[in-house]
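The values are calculated or read from the model by the stated rules, or taken from the named source; none is laboratory data. Because the structure is predicted, anything quoted here is derived from the model rather than measured. Counting neighbours? That spans all protein chains shown, and the Cβs are built from the backbone with ideal geometry, glycine included.
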Amino acid sequence: MDGQTSTYDLVERFKGGDTAAFGLVFRKYQRSMAVLVHYKMSAELRGAMEVDDILQEVFLAAARDMKQFTYQSPGSLMAWLSRIADHVIMDAARYLNRGKRRAEELLRFRSESNPTGPEPVDSETPSRLFAREETVQILLKKLDALPAEYREVIVLAKFEGLTTKEISERVGKSRESVALLLHRGLKRFRELEASAG
Amino acid sequence: MSKENPRKDPEAMAGGAEKTSEKERAIAEALAAYVDRLSLEDTVDIDAFCKATPGLEKELRSLLESLNEMDGSSPASSLGSVREAGEELPDTLSGHKVLGEIGAGAWAAFCWASTNGWGGRWRSRR
């Protein structure tokens, strides 16, 4: 199992001081986490901050707390990242609801309210930026177009990496029902792909 | 599957008015098996996997390909550095020594930077 070995090795390498290993963890999980965070965030929260704001906090917390993480099985790192995301989103929503953004904690970059923070750096060319954003946005647009119950099982299976048994427990349906929803969801997703050209 | 108990009927549970055929059940089960292997971070050979479900190969393959396409065109292209080829990271940024790029999100790049701990980072934003 390459993936299992790889994730375990990356975690152990990072714990051993190999910071490059965390870059590989990031690359491996960031797209799934971006989709997952998007759907974990409320519409209100998405209107107030970007998915990357949350992702930044999630991966920073993961890097900071990795020594406390114990690899138990394939999927355990994703589950851990998902729990961190839950906490970060909860914190963000709490502060949003209170109407006082922790700008100095969530967005530590220079702004009127945080004049001593580091400046944001725009190092990306517009074309590359657009292409990157577009691939994620196209995916989200297609997922958004699916019926909610189809989308839910796809997100849980594909992006949270749950087994069909775990999904069935999460959504309260039989494993067979989950399998059928997954099938119908993917069929619909494929139709959306075809219609999009 | 008991038809007397609609709560346990996957047709009803799946929520669709769509008729569930034996073929659909077989494809759904194969899909579930594939997803379960992915959750184990198992590398699955789609060709071999589809060949193990004779008669359903074509439809199953198209669904598995759709599932895999959600990863983006390729790990390298979708998750690679947001910096242009040949473009070097700055040595310092906002007083922090930049150690290297962690990776890039859809709108941002994340870097290691030395401070008094793990705290240093920067990102690009639109």
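Just one of A:ARG31, A:ARG27, A:ARG46 is closer than 25 Å to A:VAL136 by Cα and in contact with a His (Cβ under 8 Å, 6 or more places away or on another chain); which is it?
Working: A:ARG31 fails: in contact with a His (Cβ under 8 Å, 6 or more places away or on another chain); A:ARG27 fails: in contact with a His (Cβ under 8 Å, 6 or more places away or on another chain).
On inspection, the qualifying residue turns out to be A:ARG46.
Contact map, the stretch A:178-193: residues that are farther than 14 Å from A:ALA148 by Cα paired with residues that are basic (Lys, Arg), Cβ distance under 7 Å, separation 6+ or inter-chain. Pairs shown: A:LEU192/A:LYS142; A:GLU193/A:LYS142. Within the stretch B:25-37, the presence of at least one residue that is within 24 Å of A:SER76 (Cβ to Cβ), modelled with pLDDT of 75 or more and aromatic (Phe, Trp, Tyr) is confirmed.
Name the residues in the stretch A:159-174 that are in a helix (DSSP H, G or I) and within 7 Å of another protein chain (Cβ to nearest Cβ), would you? Matches in the stretch A:159-174: A:THR164 only.
Conditions tested, residue by residue: (1) modelled with pLDDT under 95; (2) closer than 15 Å to A:LEU139 by Cα; (3) more than 22 Å from the chain's Cα centre (by Cα).
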position	(1), (2), (3)
A:GLU149	no, no, no
A:GLU152	no, yes, no
A:GLY161	yes, no, no
A:GLY172	no, no, yes
A:GLU176	no, no, yes
A:LEU180	no, no, yes
A:ARG184	no, no, yes
A:GLU191	yes, yes, yes
A:ALA196	yes, yes, yes
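If you check A:ARG94, A:ARG13 for being among the charged types (D, E, K, R), over 18 Å from the mean Cα position of the chain (by Cα) and either farther than 25 Å from B:ASP71 by Cβ or in the same structural domain as A:GLU166 (by TED's automatic domain parsing) (or both), only one passes: A:ARG94.
Would it be correct to say that A:LEU156 is without any contact (Cβ under 8 Å) to a residue 40 or more places away in the chain and within 7 Å of another protein chain (Cβ to nearest Cβ)? Taking the combined requirement at face value, the residue does not satisfy it.
When you go through A:ASP53, A:ASP9 one by one, which is the residue that is acidic (Asp, Glu), over 24 Å from A:ALA157 (Cβ atoms) and crowded, with 17+ Cβ neighbours inside 10 Å? First the steps, then the outcome.
Values: A:ASP9 fails: crowded, with 17+ Cβ neighbours inside 10 Å.
None of the other options fit; the residue is A:ASP53.
Across the stretch B:41-55, which residue is farthest from the other protein chains (Cβ to nearest Cβ) among those that are outside any helix (DSSP H, G or I) and among the β-branched types (Val, Ile, Thr)?
Narrowing the stretch B:41-55 to residues outside any helix (DSSP H, G or I): B:41-45, B:52-55.
The next check asks that each one be among the β-branched types (Val, Ile, Thr); those that pass are B:43-44, B:53.
Values: B:THR43: 5, B:VAL44: 10, B:THR53: 13 Å.
Step by step, filter the stretch B:41-55, then rank; the result is B:THR53.
Can you confirm whether the stretch B:74-84 contains a residue that is in contact with a Leu (Cβ under 9 Å, 6 or more places away or on another chain), facing chain A (nearest Cβ under 9 Å), buried (at least 17 other Cβ atoms within 10 Å of the Cβ) and modelled with pLDDT under 65? The answer is yes; a qualifying residue exists. Residues of the stretch A:67-92 that are within 18 Å of B:GLU41 (Cβ to Cβ) and buried (at least 19 other Cβ atoms within 10 Å of the Cβ): A:PRO74, A:GLY75, A:LEU77, A:MET78, A:TRP80, A:LEU81, A:SER82.
Answer yes or no as to whether A:LYS67 is within 18 Å of the chain's Cα centre (by Cα) and within 13 Å of chain B (Cβ to nearest Cβ). Talk me through it step by step, then tell me what you get.
On the way: within 18 Å of the chain's Cα centre (by Cα): no; within 13 Å of chain B (Cβ to nearest Cβ): yes.
No, not satisfied.
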